[in-house]
Amino acid sequence: MDTTSVSNGAVPAYEVKEENLSPEDLSEMLAAGTKQVHEKAENTQFVKDFLKGRIRKELFKLGAVALYYTYKAMEEEIERNKDHPHFAPLYFPAELHRHTALARDLEYFYGPEWQSQVHCSESTQCYVDRIHKVGQEDPVLLVAHAYTRYMGDLSGGQVLKKVAQRALKLPPTGEGLEFYQFDAIHSAKAFKQLYRSRMNELELDMETKKRVVAEAVKAFTFNMEVFDELEEIGKTIQEEVLDAGMPVHGEMGGDISKCPYYAAKMAASGGTTYACQMAMAMLRHPTGQVLFATWFAVLAGLAAWYLM
């Protein structure tokens, strides 16, 4: 049977064995029970735009603010319940805790006085209130919130880090992205395996496991509400903030001649770059997409007539 060594802070490394998982194991129930809402969260417009590199810097900063308040609340409750039998096996502060890293990211973006410049948004506050409620009244449900956030950070979060660094042109030394950096975890895959194993070892009856799964669904829902809130805020941010996040040419190796609007732009304007930039700006909006498609069809028709 394969084993993997994983360190838990200052204590010796653990040997994590490959498990024969059961559908009744908490990790399996969580994966199955959150599959649908997980996919829904990944398909919110905010996340889809982020993955394409279309992330406004101002919006990214507000996202970091929301994460800071969320993790501050969660880690306060984790500290409160670190000896609780239904959470203690999942207590990995050195490896997982994020709010201090987020504080450093916010200082990078907002400066030394960042705390006076940020506030907890409405959707984030609802999320924070729920975390405090379960931490104080029903600590076993903290497992759901920790699972949803930390396991996601060690998985898809690492993809988002690379996208953000490239799109926002952040320093290669990691400033502004410390949230995504887990210095005390040398193998994300092995650590996630350990974490799931610890969850499966919690002495919970089936009814409690179902409540944990239901709480994880709520956690995903809170995250989606924050995403939707950010998406609405993004509509009020000037388009010029998108300059670092536009992926069109970046995905083409920097060759602007491969821009799908380049040929039409050349025919219409004689080679000015401005027209292509305007076309891309129009294509961010549904109305602009329809107008551009109509214009392109007319232009193509005229070109065909001219060549006959």
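The values are calculated or read from the model by the stated rules, or taken from the named source; none is laboratory data. As the structure is a prediction and not an experimental result, all values here were calculated from the model. So basically every Cβ, Gly included, is an ideal-geometry build from the backbone, and we count neighbours across all protein chains shown. Ligands, DNA and RNA are excluded from the accessible area calculation, which covers all protein heavy atoms including side chains. Shrake-Rupley method; radii C 1.70, N 1.55, O 1.52, S 1.80 Å.
Rolling a 1.4 Å probe over the protein heavy atoms leaves residue 56 with an accessible area of roughly 40 Å². Over 29 Å apart at the Cα level, from the set 72/169; 189/235; 57/210; 192/235; 209/235; 57/82, are 189/235; 57/210; 192/235; 209/235; 57/82. Think of each Lys and Arg Cβ as +1 and each Asp and Glu Cβ as -1; about the Cα centre, that makes the dipole of the range 8-152 roughly 720 debye.
Placing pseudo-labels 7 Å out from each Cα toward the beta carbon at residue 137 and residue 119 gives an inter-label distance of 2.7 nm. Note on surface exposure: 83, 105 rank 83, 105 by accessible area, highest first, 1.4 Å probe. On the accessible surface of the range 72-218, probed at 1.4 Å, how many percent belong to carbon and sulfur atoms? In the range 72-218, the share of accessible area belonging to carbon and sulfur is 50 percent. Remark: accessible surface ordering of 109, 87 (largest first) is 109, 87, probe radius 1.4 Å.
Protein heavy-atom accessible surface, 1.4 Å probe, per residue over the range 43-131: 45 Å². A 1.4 Å probe run over the protein chains yields, for the range 169-217, 52 Å² of accessible area per residue, whole-number rounding. Taking all protein chains as they are arranged and a probe of 1.4 Å, the heavy atoms of residue 116 leave approximately 90 Å² accessible to solvent.
Between residue 173 and residue 79, the simple spin-label model (points 7 angstrom out along Cα→Cβ) gives 2.9 nm.
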